[in-house]
Structures are given as C-alpha cells and as structure tokens.
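The next block holds one structure in the form of structure tokens; read it before the comments.
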Amino acid sequence: MPGAAAPAESGAVTQTEIVPARTDAPPATWLDGGALADGTGRDPVPNPGILAERGRITSIGGSRPADAAVVDCTGLTLMPGLIDAHVHMACAPFDPSLRYDVSVAEIAADMFANCQQTLDGGFTTVRDTGGIDRGLADVVASGKMPGPRILQCGPVHSQTGGGGQMGAEWEPTHLWDQHAIPGLVAWALLSDGPDELRKNVREGFRRGATFVKLLVTGAVVAISTQQPSDTQFTTAEIAVAVEEANAKGTYVTVHAHNNAGIRAAVRAGVRCVEHGSQIDEETAALMSEHGVALVPTLSIMDQLVADPASMGLAPSYATRLSRFAQTGREAVLAARAAGVRVGLGSDLLGPDQRDRARELVHRARLETPMRALESATRINAEIIGAGDDLGTVEIGKIADIVGFAGDPLSDPEQFADRDRVALVVQGGRVVKFIPHS
Ligand SMILES: [Zn+2]
C-alpha cells in the first residue's frame with residue numbers, strides 16, 4: 001500500500017484493527033472539482049474527480065458514474081481527513097471534576113460537544129492518549145453521536161505519584177480510582193512493580209484499549225511533587241508493558257519529556273514517544289535506530305504559556321513552559337534530522353478544544369505546510385497503525401476527505417480557520433458541507 005514515500009523513517013507500527021467503514025455509507029459519491037493534496041507529499045493536482053463507493057475510494061481521475069451523488073468542490077483544497085494522534089476527549093476541567101464540582105452530565109455534554117467540534121474542524125480520526133473509557137469511542141462508532149473515529153488506550157499507566165496521578169498531594173492514594181466514571185472517564189491506573197503493571201495493562205485491554213500508554217517521565221500538569229525531569233517506571237516495568245502489548249498485537253507509546261526516560265523506554269521496546277520535548281541528537285538517533293516514532297505536541301505548551309491559570313497552574317509556571325515550548329520545537333527538528341517518523345498531536349486539555357488545527361499552523365511555521373499536512377495525515381496514520389486504511393486519498397483507502405475553502409498550503413493559518421472547513425467526508429458519508437463560492 002502507499003505510505004512507502006519515506007521508507008527510511010522509523011516508527012510505523014503493525015496495523016490496528018480500524019473501525020470498519022459504516023454499513024450506512026452511501027453507494028456512490030462523486031467529489032467534483034477543487035484541487036487535491038493527497039497526503040503523500042505530492043503537489044496538489046487540480047480537478048481530481050474522486051469517487052467513493054460504500055465508504056472507500058474506488059477511483060481518482062475517472063469519469064462520474066451517472067448514479068453517483070455529486071458534491072461540488074469548486075474552490076476547495078481537498079486533503080485526507082486530518083488525524084490528531086494525541087488528544088484527550090475527556091475534556092472536563094481537571095480540578096473541578098476531581099472535586100466532583102462538575103456533574104457527570106456536564107462532563108458527558110462537554111465530551112460530545114468536543115467530538116462534534118473535532119469533526120467540524122476536519123479531523124476524522126483521533127487517537128485518545130488517555131482519559132476516556134471505551135464508551136465514548138463506541139457511541140461515536142455506532143453513529144449515535146457525530147465525531148471522529150476514536151482509537152483509545154483507556155486508562156494510562158502511571159506509577160504512584162507519577163505524572164498520571166492528578167489529585168491533590170494530600171488526597172490518599174487509595175481514593176484515586178474513585179475519580180473514574182466507568183464507561184465515560186478513565187484516569188490513570190497506578191502500578192508499582194512489573195507484576196502490578198502487567199495486571200493493569202491486561203485490565204486496560206479488558207476494557208477495550210487498542211494500544212498502551214505509560215508515563216515514563218514526570219508531567220507538566222500533574223501533582224507538584226513530581227517534575228518533568230523525573231524518570232518514572234523502571235526498565236523492567238516498561239518491558240513488561242511491551243511484552244503484554246506485543247501479546248495483543250499492538251504497541252506501547254510513552255509520555256516522556258526528558259532524555260533519560262525516553263532512552264530507557266526505547267531500549268525496553270516502546271514504539272512511540274509523546275511530547276519528547278527535550279529530545280537531543282543522541283536520543284533522536286537511538287529512536288531512529290529502534291524504529292520509534294515521535295508525536296510532538298506544540299499547541300498545548302503555547303496554550304499553557306499564554307494562560308497557565310486555565311489548567312490551574314501558578315503564573316510562575318510560565319517560564320518553565322516557555323522553555324518546553326522552545327525545546328519542543330528543537331526536538332522536532334532533531335528527530336526529523338535523525339530520520340524519525342514525526343507525527344502530530346495537539347494534546348489539548350479542558351472543555352474548549354476548538355483550536356485543534358492550530359497544531360498544523362505551528363508545524364507549518366517550523367517546517368513547511370506540506371510537511372505539517374503529511375504529519376497530520378499519512379504519517380499519523382502509520383504511527384497509529386492505520387496506514388493501510390487512512391492517511392492518504394488513494395484508491396482502496398477509507399474515504400475520509402476534508403475540503404478547505406482556499407489553500408492552507410499557501411496560507412497555513414487557514415488550517416486553523418474553522419469557517420474554511422467547507423466539506424468533511426467520513427467513511428464515504430458527507431458529514432459537513434457548507435456552500436461556498
Ligand atoms: Zn497528553
């Protein structure tokens with residue numbers, strides 16, 4: 001299949017079982033006119049003429065079948081449905097929800113609104129890297145609720161006092177599990193020692209995880225007695241998670257900021273690093289050698305720098321956050337230079353996640369708009385194990401296509417202008433269409 005455009009890059013994972021095309025996909029839809037940037041990195045082609053049948057792309061550049069529904073794409077730049085490889089759809093504000101100040105109804109309402117907003121912004125697939133229980137993914141997959149296709153890990157795995165434990169320092173640890181809302185919100189499972197972690201990874205799979213996420217360094221937003229400079233979990237613990245993931249035919253990704261934590265995880269066999277905000281040349285080379293991908297997350301750092309209070313952080317965090325924002329950009333370039341497959345993730349937190357596509361703008365400025373688009377489509381699809389089905393507009397792929405009124409490849413700010421997202425096709429169904437001129 002396509003996706004071989006960059007064979008030297010590390011980090012593709014074996015195929016995850018993707019939610020199949022919906023059975024209610026229309027028989028035939030013809031996208032007429034516009035220009036196509038297909039996600040492979042090739043230059044856009046004018047007036048492509050794309051045919052989707054029963055959810056998959058069956059023809060590009062052919063002629064319109066007489067019985068196909070026609071969508072006028074004149075003036076649109078068509079591209080693969082965007083993929084955000086690092087989201088947290090359980091978007092309730094952490095502090096109030098941990099204090100039970102927010103009703104379950106409101107948390108659910110925020111999550112559903114977030115699903116709709118994400119789809120409206122052109123994202124047809126997301127990988128949730130912690131916070132939702134399987135219920136949300138299932139309800140979207142069933143068609144009851146509009147939203148992106150969701151791959152999820154359920155609860156993340158953290159050591160006691162690690163980056164996944166978000167409660168107050170004085171909250172007794174044995175109360176931590178009680179913040180979870182079965183079927184809706186899954187906070188971190190805490191494990192200490194290989195045996196406990198093995199059991200909890202298996203528990204995550206029982207609850208429907210399609211991959212595993214561990215926190216192997218401290219986090220920026222978590223209890224203050226841990227730091228991003230901490231390493232968390234031992235190599236033996238990480239290796240046990242890798243063993244269990246392999247047994248399920250899937251992979252481990254790790255939240256990690258500092259180099260020591262990343263290197264230990266890479267040597268233990270993980271396939272992907274989230275954030276990687278301090279990756280240096282040596283670590284980038286190690287990742288490349290071991291075939292490990294990177295999903296950088298620039299947006300959340302900028303959001304936190306601009307407004308630390310939005311996530312309950314003291315103003316004094318701003319200096320530290322600015323440093324992370326800067327080194328995070330340098331890490332992307334170091335990883336690219338070493339041949340690491342670099343995806344894209346927003347990591348947005350909180351109930352308002354409308355600005356998800358801002359991540360493409362950051363990346364377009366750092367590299368090029370085309371590279372940002374490739375990261376958000378083809379490369380992300382490969383990282384999440386969906387490269388055979390998603391990520392490019394090519395014959396045989398699932399028909400996930402977004403159309404921007406204008407040309408974000410010439411003016412990348414347009415990626416983040418939701419009013420320009422005139423067309424969203426998901427699994428061959430038109431789920432958003434705004435008449436445009
Ligand atoms: Zn995250």
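Any read-out appearing in this document is the output of simple, stated calculations on the displayed coordinates, not a laboratory observation. From a predicted model like this one, the values you see are computed outputs, not experimental measurements. Neighbour counts run over all protein chains shown; Cβ positions are idealised from the backbone, glycine included.
Things worth noting here:
- Computed over the alpha-carbon pairs of region 19-109, the distance histogram in 10 Å steps reads 14, 31, 22, 16, 15, 3 percent, short to long.
- Among 395-408, 146-159, the peptide with the highest mean count of other Cβ atoms within 10 Å heads the list, and the full ranking is 146-159, 395-408.
- Simple point charges give the picture: +1 on the Cβ of Lys and Arg, -1 on the Cβ of Asp and Glu, and for the chain a dipole about the Cα centre of about 560 debye.
- A simple packing score, the average count of other Cβ atoms within 10 Å per residue, orders the peptides 365-374, 288-297, 185-194 as 288-297, 185-194, 365-374, with the highest score first.
- Working ranking of peptides 127-134, 351-358 by packing, defined as the average number of other Cβ atoms within 10 Å per residue, highest first, is 127-134, 351-358.
- Contact order relative to length of region 122-243, as percent, for alpha carbon pairs under 8 angstrom and 6 or more apart: 30 percent
- Under the simplified labelling scheme, the Ala66-Ala180 pair shows an inter-label distance of 5.8 nm, with each label point 7 Å from Cα along Cα→Cβ.
- Positive-pole candidate from Pro48, Asn114, Met79, dipole of region 45-139, charges at beta carbon: Pro48
- For region 163-288, the residue among Gln227, Ala260, Ala239 whose Cα projects farthest onto the positive side of the dipole built from Cβ charges is Ala239.
- Remark: relative contact order (the chain) = 22 percent; criterion is Cα-Cα distance under 8 angstrom and separation of 6 or more residues.
- Taking a straight Cα-Cα cut-off under 24 Å and skipping sequence neighbours fewer than 8 places away in the same chain, the lysines within cross-link reach of Lys213 are Lys199, Lys248.
- Candidate aspartates and glutamates for bridging to Lys432, where Cα separation is under 17 Å - those fewer than 8 sequence places away on the same chain excluded: Asp24, Asp32, Asp72, Asp120, Asp400, Asp417, Asp419
- The ranking of Asp177, Asp38 by Cβ neighbour count inside 10 Å, starting from the fewest, reads Asp177, Asp38.
- 10 Å-binned pair-distance histogram of the chain (Cα, whole percent): 5, 23, 34, 25, 10, 2, 0
- Region 239-286-region 79-104 distance, computed between alpha-carbon centres (Å): 24 Å
- P(r) histogram, all alpha-carbon pairs of region 115-220 included - 5 Å bins from 0, percent: 2, 13, 21, 22, 17, 12, 8, 4, 1
- Normalised contact order of region 86-180, rounded percent, pairs of Cα under 8 Å and 6 or more residues apart: 27 percent
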